[in-house]
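The values are calculated or read from the model by the stated rules, or taken from the named source; none is laboratory data. What you see is a predicted model, and the numbers here were worked out from it, not measured in a lab. Glycine also receives a Cβ, built like all others from the backbone with ideal geometry; neighbour counts cover every protein chain displayed. Heavy atoms of the whole protein, side chains included, go into the accessibility calculation; ligands, DNA and RNA do not. Shrake-Rupley method; radii C 1.70, N 1.55, O 1.52, S 1.80 Å.
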Amino acid sequence: MSATEYDLELDARGLFCPEPVMMLHNRINDVQPGGVLRVVATDPSTTRDIPRFCQFLGHELIDQSEDSDLFIYLIRRGQ
């Protein structure tokens with residue numbers, strides 16, 4: 001799977017802390033273990049919160065990028 005391929009997407013644009021991470025916590029369960037979730041957000045606090053979420057819950061942050069005012073994450077679900 002290349003860095004641009006993913007199984008599901010979470011659109012958290014326009015939401016502010018803690019909503020993007022709360023939604024991520026629910027949406028990651030819709031992805032099979034080993035599957036990839038793409039998250040698109042506009043809240044700059046996600047640059048801190050999403051990597052911590054992944055580290056704490058055992059998911060792999062495959063890619064993290066910024067495109068203008070968008071923050072884009074690819075997360076591989078752990079077991």
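Observations on the structure shown:
- Mean Cβ neighbour count within 10 Å, used as a protection proxy, ranking 31-41, 55-65, 7-17 highest first: 31-41, 7-17, 55-65
- Total formal charge among the other residues, if their Cβ is under 14 angstrom from that of Cys54, Lys/Arg +1 and Asp/Glu -1: +3
- On a per residue basis, the chain carries 59 Å² of accessible surface, using protein heavy atoms and a 1.4 Å probe.
- For the chain, with all protein chains in place and a probe radius of 1.4 Å, 48% of the accessible heavy-atom surface sits on carbon or sulfur.
- Kirkwood radius and radius of gyration were both taken over the C-alpha atoms of the chain, and their ratio Rg/Rh is 0.92.
- The length gained on full extension between Ser68 and Leu15, counted as 0.36 nm times the residue separation minus their Cα-Cα distance, comes to 17.4 nm.
- Net charge contributed by nearby residues that have their C-beta within less than 12 Å of Leu24 (K/R +1, D/E -1): -2
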